[in-house]
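Structure, as C-alpha cells:
Read the figures in this text as sums done on the coordinates, not as results from a lab. In this text the structure is predicted, and so the values were computed from the model without any measurement. Cβ atoms come from the backbone with ideal geometry, glycine included; neighbour counts cover every protein chain shown.
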Amino acid sequence: MVYPGHLKKLVEALTRFPGIGQKSAQRIAFYLLGCSREDVVAIARAMVDAKDKLGFCQTCGSLAETDLCIYCSDSKRDNNLLCVVQEPRDVLVLERTGQYSGLYHVLHGALSPLDGIGPEELKLDRLVSRIRESEIREVIIATNPNVEGDATAGYLARLLNPLSVRVTRIAFGLPVGGDIEYADDLTLSRALDGRRVI
Amino acid sequence: MEQRMFKADGIVLRTRILGEADRLVTLLTLEEGKFEAVARGARKIKSKLAAGVDLFNYGHFTFHRGKTWPIITGQDTIKSFSCFREDPDLYPYGIYMAELSDRLISGEQPCAEICRLLLEGWKLLGEKNTDRFLLCRSFELKLAHISGYSPHLHSCTNCGSEKALAFSPRQGGLMCSCCQAADAIKMDPGTAAVARRLIKAPLSQSSLVRLSDSQKKELACVTAAFLTYHLDLGEIKSRRLLAE
C-alpha cells in the first residue's frame, strides 16, 4: 500500500510491536494522527521514560527505578517468604492476586540447554547467597509449568534444600472456570496428585 | 490435490515461543519426517494443546495446512515422558537425545527408525537400573549407523591390520600404529569391542556392558569426535549441561 513517507515510517514502526500486524498498525497510526500533539508527545515520552528510567533491582532482579525495587524496599513485606519467578512480568501477575506479601527473585529465564541457558546464565549463585544472608524460611518456586520450568524447579530444589529452607512449588491443577471434560491427561493427573481435604 | 487436513504420530523435539501466545513446535513424525507446526494459543493456561505440545511428548496430531506452517488442530497424548520434568538429573540426557535427533534429520524425510530409537532411549532413561552414560553412547552410535555413517571398528581402516589401537574420526575407523593419522584418538581393543556391541545389541542391553573409567573416557571422546566430523552436527548445546 502507498502511504505518505512519515505515515509509512510510523506504520512500519508500529508493526514491530508483538501481535500488531499491518492493519492494526494502520489503525493505531490513524488514531495517533487524530490525537492532539500533547497527547502524542505524552505517549512517546512515556515510552522513552520507561526505557530510560527502568532497570532491574540489584537484589531481586525485578523491574525498578532505583537500585532497589518497590518490593525489596518495602519494610511491611514478609521477609521470611521468597517467591522465585522466571520473568519480571510474572511478579506483576502474582502481585495482582493480592494473596502474596513476601519477596521475589527473578531468574530472567529457565534452564533450556537448546537455547544456551544453563545454571550460570540464571545466576543461581546470587540466589543462594541471598538466601544464606537473609531471614528467608520458605522459597516458593513459581516457574512456568512446562518442561523447562519444571526442570528449573527441580534443579533449584536440589540446590536450596541443603540451606535448611522450606522449598515449595506452586500447585498444579485445573484452571478455574474450565470443564474437566476438556482437561488434558497430564494436568488432570497432577490435579489428582495435588488434591486436598475440604 | 494436497489435502488440507492431515494426521501424523509424532514426538515433540523442540518448542519456541511464537507471537504472543502461540508455540512453534518441532515435530519428528513417523509418517512425514521432521517439520515445524504452530500450536495456536498453546501458552495460555486454558489451552487444550498446552500439555500435548510440550517437550518429551509423543502423540497423535491432526494438522491443517497453513500458509507458512501447518497448524496443529488436535492432539492426543500416546506417551508423556514426565520423568524428565520430575528429575533434574535426567533432563539433560533427554534433551541431549532430542537435540541429536533434531540436528541429524534435516527435512521432511520419513525417519521411523530414528523415531523409534528416540522413544526407546527416553523410555530407558526413565528406568531405574539404566547406565545413562552407556545408553547415550549406544544411542549416538546407533543414530550414526541408521544415518549410514557407522564407524569401522573391526580392523585398521587403512591396511586391515587387526592390531589397531587408535581411532581416526576423519578416516571413520580404527587405525594401527603404522597407519596412524594425525587426528587419531587412543582406543584400546576392549573399547572398540564394546562400541561394536553397542551398535549391534538392542538399546536396552547397553547397561549390561562393563567398562573401566579410562575406557569410558575413550568411548566418549571417540563417539563425540566421530559424530562431529561425519554428521556435521556442529556444537551440541545440551552437551554443556550434560557435562555439568
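R0 = 45 Å: FRET efficiency of B:Met5 with B:Ser106, Cβ-based, nearest 0.05?
Efficiency computed from Cβ-Cβ geometry: 0.95.
Need one number: nm distance between label points at B:Asp213 and A:Ala191, each 7 Å from Cα along Cα→Cβ, rounded to one decimal.
About 5.1 nm separates the two model spin labels.
Please quote Rg/Rh for chain B to two decimal places, taking the Kirkwood radius as Rh and restricting both calculations to Cα atoms.
Numbers: Rg = 19.9 Å, Rh = 19.3 Å.
Result for chain B is an Rg/Rh of 1.04.
With a cap of 11 neighbouring Cβ atoms within 10 Å, and only residues DSSP puts in a loop, list the trypsin sites (Lys or Arg not before Pro) found in the range A:109-198. Could the numbers behind the result be given before it?
Details: sites: A:Lys123, A:Arg126, A:Arg130, A:Arg132, A:Arg137, A:Arg158, A:Arg166, A:Arg169, A:Arg190, A:Arg195, A:Arg196; in loops: A:Lys123, A:Arg137, A:Arg195, A:Arg196.
Passing both the DSSP loop test and the Cβ count: A:Arg195, A:Arg196.
Remind me, relative contact order of chain B in percent, using alpha carbon pairs under 8 angstrom and six or more residues apart?
Numbers: 434 pairs, mean separation 36.7, N = 244.
The normalised contact order for chain B reaches 15 percent.
Given a Förster distance of 60 angstrom, what is the FRET efficiency for B:Ala201 paired with A:Leu68, based on the Cβ-Cβ distance and rounded to 0.05?
Here the calculated transfer efficiency is 0.50.
Return one quarter of the surface area of the convex hull spanned by the alpha-carbon atoms of the protein assembly as shown, equal to its mean projected area, in nm².
Seen from a random direction, the Cα hull of the protein assembly as shown projects 30.0 nm² on average.
Could you size up the charge dipole of the range A:141-188 around its Cα centre, putting +1 on the beta carbon of Lys and Arg and -1 on that of Asp and Glu, and report it in debye to the nearest 20?
So the magnitude is around 500 debye.
Using a simple spin-label model with points 7 Å from Cα along the Cα→Cβ vector, what separation in nm is obtained for B:Leu233 and A:Asp52?
5.0 nm
Sort the following peptides by mean Cβ neighbour count (other Cβ atoms within 10 Å, averaged over residues), highest first: B:76-85, B:201-210. Walk me through the intermediate numbers first.
Numbers: B:76-85: 17.6, B:201-210: 15.0.
Output ranking for B:76-85, B:201-210: B:76-85, B:201-210.
Considering only DSSP beta bridges whose two residues both sit in chain B, what percent are antiparallel, to the nearest 5?
Once the DSSP bridges in chain B are tallied, antiparallel ones form about 95 percent.
Which of the chymotrypsin sites (Phe, Trp or Tyr not before Pro) across the range B:101-160 are loop residues per DSSP, with 16 or fewer other Cβ within 10 Å? It would help to have the intermediate numbers written out before the result.
Working: sites: B:Trp122, B:Phe133, B:Phe139, B:Tyr149; in loops: B:Tyr149.
Passing sites in the range B:101-160 are B:Tyr149.
Using a simple spin-label model with points 7 Å from Cα along the Cα→Cβ vector, what separation in nm is obtained for B:Lys128 and A:Arg96?
Each label point is offset 7 Å from its Cα along the Cβ direction, giving 4.5 nm.
How big is the range A:5-53 by Rg and Dmax over its Cα atoms, in Å?
11.3, 32
Could you order peptides B:51-61, B:28-38, A:66-76 by the average number of other Cβ atoms within 10 Å of their residues, highest first? Don't skip to the answer; put the middle values down first.
Working: B:51-61: 22.6, B:28-38: 20.0, A:66-76: 13.4.
Descending mean neighbour count gives B:51-61, B:28-38, A:66-76.
Set Lys and Arg Cβ to +1 and Asp and Glu Cβ to -1, take the dipole of chain B about its Cα centre, and tell me which of B:Gln215, B:Ser168, B:Ile146 lies farthest positive.
B:Ile146
Partner chain Cβ atoms within 10 Å, averaged over the residues of A:112-121 - can you pull that number for me?
Shielding by partners across A:112-121 averages 6.
Shielding of A:152-159 by partners, i.e. mean partner chain Cβ atoms within 10 Å per residue?
The per-residue average across the peptide is 3.
Based on the mean of other Cβ atoms within 10 Å per residue, sort peptides A:101-113, B:188-200 so the most packed one is first. Numbers along the way, then the final one.
Working: A:101-113: 21.2, B:188-200: 17.8.
The packing order, highest mean first, is A:101-113, B:188-200.
Could you give log10 I(q)/I(0) at q = 0.10, 0.11, 0.17, 0.18 Å⁻¹ for the range A:53-182, computed by the Debye formula over C-alpha point scatterers of equal weight, without solvent?
-0.32, -0.39, -0.92, -1.02
For the range B:16-60, take every pair of Cα atoms, bin their distances at 10 Å starting from 0, and report each bin as a whole percent.
29, 55, 16, 0
State the Kirkwood hydrodynamic radius of the range B:5-80 in Å, one decimal place, computed from all pairs of distinct Cα atoms. Could the numbers behind the result be given before it?
On the way: mean 1/r = 0.0844 Å⁻¹.
One over the average 1/r among Cα pairs gives 11.9 Å for the range B:5-80.
Count, for each residue of B:29-39, the Cβ atoms from other chains sitting within 10 Å of its Cβ, then give me the mean as a whole number.
Per residue, the average neighbour count from other chains is 0.
For all pairs of alpha-carbon atoms in the range B:101-176, what percent lies in each bin of width 5 Å, listed from the first bin to the last filled one?
The calculated distribution, bin by bin, is 3, 14, 20, 17, 16, 14, 11, 5, 1.
Let's test the formula: R0 of 51 Å, r as the Cβ-Cβ distance of B:Ala225 and B:Glu31. What FRET efficiency results, to the nearest 0.05? Let's see the in-between values first.
On the way: r = 34 Å, r/R0 = 0.67.
Approximately 0.90, to the nearest 0.05.
Could you list which residues have their amide H under 5 Å from that of B:Asp87, counting only those 5 or more apart in sequence or on another chain, with H placed in the peptide plane?
none
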